[in-house]
1. Only residues that are buried (at least 18 other Cβ atoms within 10 Å of the Cβ) and under 21 Å from residue 215 (Cβ atoms): list them for segment 162-189, please.
2. Only one of (1) farther than 22 Å from residue 18 by Cα; (2) surrounded by fewer than 15 Cβ atoms within 10 Å (Cβ to Cβ) fails for residue 198. Which number is that?
3. Among 65, 77, 10, 25, which is hydrophobic (A, V, I, L, M, F, W, C), assigned to a loop (DSSP other than H, G, I, E, B) and modelled with pLDDT of 95 or more?
4. So which helices (runs of 4 or more DSSP H) are wholly in segment 130-246 and hold at least 2 residues that are over 25 Å from residue 84 (Cβ atoms) and touching a strand residue (DSSP E or B) at 6+ places or on another chain (Cβ under 7 Å)?
5. Which of the residues spanning segment 40-53 are at pLDDT below 95 and either of a type in the set (Ser, Thr, Tyr) or over 18 Å from the mean Cα position of the chain (by Cα) (or both)?
Amino acid sequence: MSDFCGQVALVTGASRGVGASVARLLAERGADVVINYHSKSSRALEVANTIRSIGRRALLAQADLTIDSDMKKMIKLVEEQFAHLDLLILNASGGLEKDKALDYAMQLNLTAQVRAVDLSLSLMPRGGRIIFVTSHLAHFYGQKPVSPIVYEPVAQSKKAGEEALRSRIAELATRGIKLLVVSGDLIEGTITPKLMQRHNPGMIESRRKQAGSLPSVEDFAYAIVDCAANTQLESGATIFVGSTEWEIA
């Protein structure tokens, strides 16, 4: 497939895990890819080399998304290299890291997400798409329980980020740009469930039994890329990956 031929995609948090898989899949389907990373330069370079081996262009873009000047430099780099941006994949998130400020989750999952959109809009043509990547625990925050409780600041902040972006749907529509959301269950092999399990031993296996199975990194990445390619989706649509039903003991 070449759904994205001639298009440029920026993937935040693309040096590993879901972000790295999304970057590769986009390249396989024709996109040139901007690989944002925070500090894992060697991993980011591996992703870039994979994309280049496919025959697409890759641009490495180091930036701490919580730092305004970093974000502005990154978008300037995209402008200089490609002059336009068709897909903004807001994959990066966090909040369980040690030794961070109390408001770090909100800074990354809300403030930085809105900033990324604001800075990217001048480069996005009509037909552009913004994909906000979230978790079921965050998407349903306030409706379903969050466990372990250590994840609540992440869920709360990601929910706030999603709502802030959804409030922009009408404005984005005037530019011909869609906002789409992809929400996932616990993703096998990713860092966040492992961090959560430190506070709630056995959580991953319990959830796997409850849901029947958990999505893999590739499952989630494919869903994100397919969502970006689906021109029939209305702005504001949410794609769910994995079961959305659970019980917390």
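1. Matches in segment 162-189: 162, 180, 181, 182, 183, 184, 185, 186, 187.
2. Tallying (1) farther than 22 Å from residue 18 by Cα; (2) surrounded by fewer than 15 Cβ atoms within 10 Å (Cβ to Cβ), residue 198 fails exactly one: (1).
3. 65
4. Filter on segment 130-246 gives 136-139, 152-166, 217-229.
5. Those that are at pLDDT below 95 and either of a type in the set (Ser, Thr, Tyr) or over 18 Å from the mean Cα position of the chain (by Cα) (or both): 41, 42.
Here is a yes/no grid of residues against (1) assigned to a helix (DSSP H, G or I); (2) within 24 Å of residue 122 (Cα to Cα):
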site	(1), (2)
46	yes, no
53	yes, no
81	yes, yes
98	no, no
101	no, no
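The values are calculated or read from the model by the stated rules, or taken from the named source; none is laboratory data. What you see is a predicted model, and the numbers here were worked out from it, not measured in a lab. Using ideal geometry, Cβ is built from the backbone for each residue, glycine included, and neighbour counts are taken over all protein chains shown.
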